[in-house]
């Protein structure tokens, strides 16, 4: 199952439309559930969508998913990486009025290469990336640790307590 989430605050119709178009063009229809917010201007025709999920429902759907497709929100990205879930992200864009600025785009293009994390810079890249990930089996990388590593903590400690 593919779980599409746009976050819980703002709609992201460009992403929902791109996934819906891809889904409707496929001969073999994938099972997709989209969490698209109540204020979405577009309702998908090729897959099931809900406005909002409770935290428990979100956890359950996220857990069932074999692939997550999402906006480039750090909470969603970190949730996928911490649970070793393969994820494709497409950033909202400020100049399109999807967010206040291009912070999601900056996040997406600066994410390090990591197994199980793919970036579609826009809706034109998304269909081919979905096919590539599904054909490859969409393997996730190892789960990230829930806490910062010792090197980072030591660096921060040295910075905070350094003598000038």
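The values are calculated or read from the model by the stated rules, or taken from the named source; none is laboratory data. Since the structure is predicted, the reported quantities are computational estimates derived from the model, not experimental observations. Quick reminder, even Gly has a Cβ in these numbers, built from the backbone with ideal geometry, and neighbours come from all protein chains shown.
Scanning region 1-15 for residues that are surrounded by fewer than 18 Cβ atoms within 10 Å (Cβ to Cβ) and touching a strand residue (DSSP E or B) at 6+ places or on another chain (Cβ under 9 Å), we see that the one that is nearest to residue 69 (Cα to Cα) is 1.
When region 135-152 is filtered for residues that are part of a helix (DSSP H, G or I) and either more than 13 Å from residue 88 (Cβ to Cβ) or at pLDDT 95 or above (or both), the ones remaining, listed by number, are 135, 150, 151, 152.
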